[in-house]
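One structure is given here, and the rest of the page talks about it.
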Amino acid sequence: MTELAKKRPEFRNINAFKDLTTYRMAPAAWVSILHRASGVIMFLLLPFILWMFDTSVSSEFSFAKFKAVFNAGVGFVPGWFFKLLALALIWSYLHHFTAGLRHLWMDISHDAVTKEFGKTSAIATLAISIALTLVLGAKLFGLY
């Protein structure tokens, strides 16, 4: 046994409060967890998606009502809350899409998949999805 193996800590019983707070996950782990979370968000917001689609394409009156929901809100729920829901939906779709492309690329090119590629592609996936979300979020909130 080498000296390095002797110095490494050995975790047999992981304490969730002490050990997990100091654990540093790799970027690929974050992408994997967020890929699953974005799928759950899209599934949970499916009624909101169907309502948006139905209301926006039914008639001119329903489209005006659709726009009013995002500007003035409905009842006690303000319009910015619906914009935040739409922003969460935008992020979840963009992240799920880019992470899915990453996984497809790794499935297609088995020989090119290395630990370094996993790290750089995970960082690129996070950067692309966040950048596109910021651009579309700025448009959603009327910044341009």
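Some points to look at:
- Mean Kyte hydropathy of -1.0 or more with a Cα span along the axis of at least 30 Å, helices from DSSP in the chain: 79-108, 115-140
- Sequence of 31, 77, 113 once ranked by neighbouring C-beta atoms within 10 Å, starting from the fewest: 77, 113, 31
- Computed over neighbours whose Cβ is under 14 Å from that of residue 72, the net charge equals +3, Lys and Arg +1, Asp and Glu -1.
- Here the relative contact order of the chain, from alpha carbon pairs under 8 Å that lie six or more residues apart, stands at 28 percent.
- The chain: calculated mean residue ellipticity at 222 nm from DSSP helix runs of at least 4, using -39500 (n - 2.57): -24000 deg cm²/dmol
- Gap separating the Cα centres of the stretch 24-39 and the stretch 89-128, nearest whole Å: 11
- Evaluated with a Cβ-only charge set (Lys, Arg +1; Asp, Glu -1), the chain carries a dipole of roughly 460 debye about its Cα centre, given to the nearest 20.
- Each label point was placed 7 Å from the Cα along the Cα-to-Cβ direction; for residue 141 and residue 18 their separation is 4.2 nm.
- A value for Cα extents along the principal axes in Å was derived from the coordinates, and within the list (1) 75, 50, 42; (2) 42, 33, 28; (3) 76, 39, 28 it appears as (3).
Just so you know, all these numbers are worked out from the coordinates, no wet-lab data involved. Just so it is clear, the structure is predicted and the values come from calculations on it, not from any experiment. Ideal geometry is used to build each Cβ from the backbone, glycine not excepted, and the neighbour counts take in all protein chains shown.
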